[in-house]
Amino acid sequence: MPPKQYSSETPARVTEALGQSEKFLEFQERLSRVAPVNRPVLLLGERGTGKELAAGRLHYLSERWHRPFLTLNCSALSPSLIESELFGYEKGAFTGAAQRRVGRFEAADGGTLFLDEIGNIPLEVQEKILRVVEYYTFERVGSSQSIDVDVRIIAATNADLKALAADNRFKQDLMDRLSFEVLIVPPLRERREDIMLLANHFAGRMAVELGWEEIPEFSTKAVKALEHYPWPGNIRELKNVVERAVYRSDSLKIDDIIFDPFISPYEVQTPELKPDRPEIEERAGDPIDMVLKPMKEAVWDLKIQMLETALARSKFNQKKAAKLLGLTYHQFRGLYRQYQRNEEGRMTLE
């Protein structure tokens, strides 16, 4: 029996919620369970993981599915504009307010309001949101008249809200009220089985957009490259990489995958640096020699070999070295600090 697949049945904007991996299906099961419950939901996840798609599915699986589903990207607005966008304003409330304007809360009455990157909302606006969550009422900017609304809030962020609350940059009371359920969207690196499912989906859509009569296929080399890449930008990055590969392909067989379009073809190539210390070359060893070492020592030697090679190729630029190793900068720094402690007196890189 083929593996179970899942796809959203919501409108076109959310149809890219595709997957068959265990992590994806577990996430969708939790999402489906909380969707009918009329309480706030907090979506956490890295950039590009599909938090807005998840918010849309929460809405369309709820009893509010036939009512408005509005979104506000809180990182796209200046702090001074967020309040008027959320709550609206009265004519003459401030310079330029030529007429009354309805805010997102009022427009979403009876439906769902998705607040993306909620960690960027100023504290004074958070206080007003908390009042809506608790008492279902607010006032427009420049008005003292209360407006009652029935809105379900779904919030999302890739920031550490608990850390922001501990630093008094996010209201603890609001975080508590929004976190009736907290869903963590799995990153693509934890959904390896979904990479080619998504890649073929994006490739097919791009082919249709380009007017092709047939759907392109990925070569074995391309599949291997896609499946082994760490995808720091998650599904959004995969979509860009695949669409670029299809558009640049001269045939229906896609072979070349370009992960970083910013690499210049005119960059001066320098010869690969070779270690100038014999013990480093010795330490690299060959796999047969490594079998004769204790496991921990052999693994450590391999890590150091990769670290030194990445640093040499990146001309000791640590961020570039981290990227070559498929690590985040913080993961690389942790390994680098270990290296410095363990290699003290043998080689200094700073």
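The table below lists the values:
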{"item": "Tail beyond 18 Å, pair distance distribution of the stretch 192-254 (Cα, percent)", "result": "26 percent"}
{"item": "Proximal lysines to Lys323, defined as alpha-carbon separation beneath 17 angstrom and excluding residues fewer than eight positions away on the same chain", "result": "Lys303, Lys315"}
{"item": "Size of electric dipole in the stretch 15-168: Cβ of Lys, Arg +1 and of Asp, Glu -1, about Cα centre, debye, nearest 20", "result": "280 debye"}
{"item": "Volume in Å³ per residue [convex hull over Cα atoms, computed for the stretch 62-139]", "result": "101 Å³"}
{"item": "Ranked Trp65, Trp231, criterion: other C-beta atoms within 10 Å, fewest first", "result": "Trp65, Trp231"}
{"item": "Above-threshold pairs, the threshold being 21 Å between Cα atoms, out of Lys221/Lys253; Lys23/Lys51; Lys51/Lys239; Lys162/Lys320; Lys128/Lys171", "result": "Lys162/Lys320"}
{"item": "Computed P(r) (all Cα pairs; the stretch 6-186; 10 Å bins; percent)", "result": "10, 37, 35, 15, 3, 0"}
{"item": "Exposure proxy order (Cβ contacts within 10 Å, fewest to most) of Lys51, Lys91", "result": "Lys91, Lys51"}
{"item": "Label-zone membership for the stretch 111-141, site Asp150, 7 angstrom Cα→C-beta point, backbone N under 19 Å", "result": "111-114, 132-138"}
{"item": "Overall Cα dimensions of the stretch 111-238, principal axis frame, Å, largest first", "result": "63, 35, 22"}
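All of the numbers you see were taken from the coordinates with simple rules; none came from a lab. This structure is a prediction, so every number in the text was calculated from the model and none was measured. Don't worry about glycine lacking a Cβ; one is built from the backbone with ideal geometry, like all the others, and counts go over all protein chains shown.
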